[in-house]
Amino acid sequence: MDGCGKEFESYCKNVTPGEGRLLACLYAYSDKLSTRCEYALYDAASQLERALNALTYLANECRDDLKTYCSNVQPGEGRLLECIAKKKDVISDRCKNALKDVSQK
C-alpha cells in the first residue's frame, strides 16, 4: 500500500476496497504506475507466492493429521494452522517438521 500510495490517491481514491478492486484499478492504470509502485506490486506478489507455497507444503505434509485431529475445524482465517499447532504433541513427525520448516520462513 505504501509503495503505491500516490497511485491509489490519483487513480483509485473512489474505489471501494475489497475483492481485488484496488488491484484491478491499478491494473487499469498500469501504464501510469511509478517504478516504486511496480516494484511494490512485484514484491507483494513474490511474498504471496512464497506464503502460498509454504501453505501448500504444510497442507500436503499434514494432510493425515489434519483429517485425524482437525476435521471438525472450519477452514479459513488460520483456524486449521492453529488446530494443528495445538496438537503438536500427537501429530506425525512429518507434520512437525513441516510446521518447523514453515515457521522458519
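Tabulated data for the structure shown
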| item | result |
| --- | --- |
| Some residue of the stretch 52-67 being assigned by TED's automatic domain parsing to the domain that holds LYS96, touching a helix residue (DSSP H, G or I) at 6+ places or on another chain (Cβ under 9 Å), of a type in the set (Ser, Thr, Tyr) and within 30 Å of ASP89 (Cβ to Cβ) | yes |
| Residues of the stretch 1-50 that turn out to be outside any loop (DSSP other than H, G, I, E, B), of a type outside the set (A, V, I, L, M) and under 23 Å from GLY76 (Cβ atoms), as a count | 4 |
| Residue list for the stretch 36-83, filter: among the acidic types (Asp, Glu), in contact (Cβ under 8 Å) with a residue 24 or more places away in the chain and surrounded by 13 or more Cβ atoms within 10 Å (Cβ to Cβ) | GLU61, ASP65 |
| Helices (runs of 4 or more DSSP H) contained entirely in the stretch 51-105, each with at least 1 residues that are modelled with pLDDT under 95 and within 18 Å of the chain's Cα centre (by Cα) | 79-86, 93-103 |
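The values are calculated or read from the model by the stated rules, or taken from the named source; none is laboratory data. If you're wondering where the values come from, they're calculated on a predicted model, not measured in any experiment. As a convention, Cβ positions derive from the backbone with ideal geometry for all residues, glycine included, and neighbour counts pool all protein chains shown.
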